[in-house]
Amino acid sequence: MKIYYFEKVSLFIIGFLTYCVVPAHAQVQKQDSLHQTVSLQHVTDDTHNLRLKEVLIPTAVIGASALFVHNGWLTKQRENVQNVLSAKGKYKFKLDDHSQYAPMVAVYGLNLCGIKGKHGFKDRTIILAMSYATVGILVNTMKFVFKEKRPDSNARNSFPSGHTATAFMGAEFLYKEYKDVSPWIGYTGYAVAATTGYLRIYNNRHYINDVIAGACIGITSVKLTYWLYSKCFKKAKCNKATFASVPYYSSDGWGMNMCIVF
């Protein structure tokens, strides 16, 4: 039964993402017929760029979320939110155990459907493995340090939410790979991740600050991994230069414009 739910969620997401991409491909083909042919050997890959604020802002949010752990007044406010958003353990909706993996699975599913992302199978798999390892190290280290009790049990591993971190890691991974094909692909991944985070609260497994911290950890881990990948693997395709050439003709003569981006 669990496998059935997982396959159902994954197929639905892949189908929806494929639907989003078809109009984009049709539009590109129509525009190409009206423009001059361009010889392009490699498409510029900006997924490995990293700005300081992309790390500082999520880090600050994680720090703010940690203030709700073992803090009298803030802890009380968090529990008030929990009473509103959760089912208090009366009803369980276990989709979050499977939906956390759906965005990352969608990356490979779309490739199987013929919709190519930014990286080939080898590069993207290494990036995903590095991101997953980073999430695992950060989440488990913080769980050990904070020892926050879960809402539904005495287990002291609530902060941050590992399910949410995994889901948003996959969503950011999906966005990075397919944002140039259609931004709606990434948005759909984020929607699935947000749903996963909410279900962790609804099922009374996590508090809202656990979920927010988990989301920031997942997103930041992917951003850092893409940046580190281009530094650690110098021979990867993402480090190759972009070369484009455009022939032209005018009354003064003919020639060729060339552009090389390193």
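The values are calculated or read from the model by the stated rules, or taken from the named source; none is laboratory data. Everything numeric here is computed off the predicted structure, so don't read it as measured data. Glycine gets a Cβ as well: all are built from the backbone with ideal geometry, and neighbour counts include every protein chain shown.
Checking each residue in segment 176-195 for being surrounded by fewer than 21 Cβ atoms within 10 Å (Cβ to Cβ) and in a helix (DSSP H, G or I) picks out P183, W184, Y187, Y190, A191, A194, T195. When restricted to residues that are without any contact (Cβ under 8 Å) to a residue 12 or more places away in the chain and either charged (D, E, K, R) or crowded, with 19+ Cβ neighbours inside 10 Å (or both), segment 128-155 contains 2.
Could we say that G218 is within 18 Å of the chain's Cα centre (by Cα), more than 23 Å from G63 (Cα to Cα), at pLDDT 95 or above and not hydroxyl-bearing (S, T, Y) here? Criteria not met by G218.
Can K223 be described as among the basic types (K, R), within 21 Å of the chain's Cα centre (by Cα) and either surrounded by 14 or more Cβ atoms within 10 Å (Cβ to Cβ) or at pLDDT below 85 (or both)? Reasoning before the result, please.
Values: among the basic types (K, R): yes; within 21 Å of the chain's Cα centre (by Cα): yes; either surrounded by 14 or more Cβ atoms within 10 Å (Cβ to Cβ) or at pLDDT below 85 (or both): yes.
When the stated conditions are applied, K223 passes them.
When Y175, Y198 are checked against the criterion of being touching a Leu at 6+ places or on another chain (Cβ under 8 Å) and farther than 15 Å from I62 by Cβ, Y198 stands alone in meeting it. Among the conditions (1) small (G, A, S); (2) farther than 18 Å from V69 by Cα; (3) in contact (Cβ under 8 Å) with a residue 40 or more places away in the chain, the only one that A191 does not satisfy is (3). When the residues of segment 85-113 are filtered to those that are outside any loop (DSSP other than H, G, I, E, B) and among the small types (G, A, S), the one that is surrounded by the fewest Cβ atoms within 10 Å (Cβ to Cβ) is G109.
From the list N204, N157, which one is under 22 Å from L85 (Cα atoms), outside any helix (DSSP H, G or I) and touching a Pro at 6+ places or on another chain (Cβ under 6 Å)? One residue alone meets the criteria, N204. Screening the candidates A60, A64 for the property of being surrounded by 13 or more Cβ atoms within 10 Å (Cβ to Cβ), at pLDDT 95 or above and out of contact with any helix residue (DSSP H, G or I) (no Cβ under 7 Å at 6 or more places or on another chain) yields one hit, A64.
Within segment 170-200, take every residue that is touching a Phe, Trp or Tyr at 6+ places or on another chain (Cβ under 7 Å) and hydrophobic (A, V, I, L, M, F, W, C) and give me the one that is nearest to R124 (Cα to Cα). Result: A171.
Among the residues of segment 114-127, none qualifies, meaning not one is at pLDDT 95 or above, under 15 Å from N209 (Cβ atoms) and surrounded by 13 or more Cβ atoms within 10 Å (Cβ to Cβ).
For segment 150-172, name all the residues that are among the aromatic types (F, W, Y) and within 17 Å of A193 (Cα to Cα). Steps first, answer last, please.
We begin by selecting, within segment 150-172, every residue among the aromatic types (F, W, Y); these are 159, 168.
Within segment 150-172, F168 is the sole residue that qualifies.
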